[in-house]
Amino acid sequence: MNILQRKGVVLGLLAAALALGGCGYNDLQSQDEQITAAWSEVVNQYQRRSDLVPNLVNTVKGAAAQERDVLEAVTQARARAGSIQATPELLEDPQKFQQFQQAQGELTSALSRLLVTVERYPELRSIAAFRDLQSQLEGVENRITVARNRYIDAVRTYNTTVRSFPSNLTANLFGFDTKPNFTVENERAISTAPTVDFGTPGDTAEKQPPPPATDPQ
């Protein structure tokens with residue numbers, strides 16, 4: 001290959017690089033990496049929550065063993081959520097992604113029911129371990145919400161690039177496809193951290209409705 005041919009090859013490569021950049025290839029690569037990073041943080045926070053569940057269940061069991069059904073529901077929901085491997089390949093399979101988010105939503109719901117149930121046990125307020133676990137759980141739920149929102153924004157940006165002209169031509173050429181997003185029913189309830197108002201002693205007692213008025217005889 002002579003010098004002129006080499007220059008021609010170099011110029012051709014430069015032209016191809018500029019064409020790819022102008023057609024969104026670099027944007028697709030960058031946004032795909034952002035999705036991977038955002039998803040890693042979502043999984044990390046879900047794992048932090050999962051790690052808290054056994055200690056939380058054991059602590060509540062010590063003071064409210066009779067709430068067996070609620071405790072078992074949390075344990076089973078955690079097991080279902082943990083049985084789905086949150087690998088990068090999950091982001092390419094809408095059905096598996098939906099199964100993952102449904103399992104995590106069930107765990108969120110089960111934990112919320114647990115925290116509401118324990119309001120009936122004032123003695124739990126005096127257990128420092130429970131107060132610490134409850135505080136950690138609320139913090140993790142808040143971080144899950146932030147991580148999910150970042151993932152949602154990253155996927156929205158990426159999917160827009162994949163669908164937009166002329167970057168959609170580049171996406172089709174190099175196999176970039178849209179990715180699933182968090183779009184489950186009652187999304188707001190699933191992504192909201194559970195809250196518990198322990199109040200003051202006696203506040204958790206179940207209030208009885210006033211007796212109905214009777215006509216004087």
Restricting segment 50-80 to residues that are in contact with a helix residue (DSSP H, G or I) (Cβ under 7 Å, 6 or more places away or on another chain) and outside any helix (DSSP H, G or I), the one farthest from Ile127 (Cα to Cα) turns out to be Glu67
What number of residues within segment 146-179 are touching an Asp or Glu at 6+ places or on another chain (Cβ under 8 Å), of a type outside the set (Asp, Glu) and loosely packed, with under 15 Cβ neighbours inside 10 Å? 0
Name the one entry in Phe165, Phe182, Phe130 that is within 20 Å of Ser40 (Cα to Cα) and aromatic (Phe, Trp, Tyr). Phe182
Can you report the number of residues in segment 82-97 which are more than 15 Å from Ser40 (Cβ to Cβ), surrounded by 12 or more Cβ atoms within 10 Å (Cβ to Cβ) and free of Cβ contacts under 8 Å to residues at least 24 places away in the same chain? 2
Pairs with Cβ under 8 Å, 6+ apart, first in segment 137-163 and polar (S, T, N, Q), second outside any helix (DSSP H, G or I) and modelled with pLDDT under 95: Asn142/Ala193; Thr145/Thr192; Thr145/Ala193; Asn159/Thr178; Asn159/Lys179; Asn159/Asn181; Thr161/Gly24
From the option list Arg125, Arg143, single residue qualifying as modelled with pLDDT of 95 or more, surrounded by 15 or more Cβ atoms within 10 Å (Cβ to Cβ) and not hydrophobic (A, V, I, L, M, F, W, C) is Arg143
What residue, among those in segment 164-200 that are among the hydrophobic types (A, V, I, L, M, F, W, C) and at pLDDT below 65, is farthest from Asp153 (Cα to Cα)? Phe198
Considering segment 44-92 alone, what residues qualify as being under 24 Å from Asp132 (Cβ atoms) and under 14 Å from the mean Cα position of the chain (by Cα)? Asn44, Gln45, Tyr46, Gln47, Arg48, Arg49, Ser50, Arg78, Ala81, Gly82
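The values are calculated or read from the model by the stated rules, or taken from the named source; none is laboratory data. Predicted, not measured: the structure shown is a model, and the values here were computed from it. Here Cβ is always computed from backbone atoms with ideal geometry, including for glycine, and neighbour counts include all displayed protein chains.
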